[in-house]
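Here's the structure we're looking at; comments come further down.
All of the numbers you see were taken from the coordinates with simple rules; none came from a lab. Keep in mind that what you see is a predicted model, and the values were worked out from it rather than measured. For neighbour counting, all protein chains shown are included, and Cβ atoms are generated from backbone atoms with ideal geometry for every residue, glycine included.
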Amino acid sequence: MPNIVALKLSASYPLMPGHKDEGNILALDQLALQQQISANFIFHAISNYKKTPSERKTLVFIAKKWLHIQMLWREFRLRDKQIRRLGHKDARVLEHGYFQQELFELVHEKYMVVRGFLSRDKRNLLAGQPATRP
């Protein structure tokens, strides 16, 4: 699986040292980098779940994976809100690459897909059928 979120993070415009927006941009760069790292963790968790053989997908295993992916998603979503608050404070921050890459939408889409896989596999196990591979 290619590294979907390996994007170059930098402000979309140059800033002189000591510029009044420099602190916001540096904070945004740091938060955006953390978002990319979180997105990679989410994508790896999804990929690993999909690769797991169906005989290993027990109710306990599915519950643990669900909690892990939920925790990663919650952290990602909260950091996105924090980044967007920075954007509301300064319109120039909205020019940052984070707002152009649509990372949140991509991660949300993948999260919803794996949520469906987990739900389906859990239903199948409760019905007495083996979990199917996604």
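Every Cα-Cα pair in segment 22-126 was counted, and those over 19 Å apart are 48% of them.
Basic side chains Lys and Arg get +1 at the Cβ, acidic Asp and Glu get -1 at the Cβ, and with that the dipole of segment 22-126 about its Cα centre reaches some 720 debye. Relative contact order for segment 22-126: 44 percent, from Cα pairs under 8 Å spaced at least 6 residues apart, divided by residue count. The residues packed around residue 125, meaning those with a beta-carbon under 12 Å from its beta-carbon, carry a net charge of +3 if Lys and Arg are +1 and Asp and Glu are -1. Stretched out straight at 0.36 nm per residue, the stretch from residue 82 to residue 54 would grow longer than its current Cα-Cα span by 6.3 nm.
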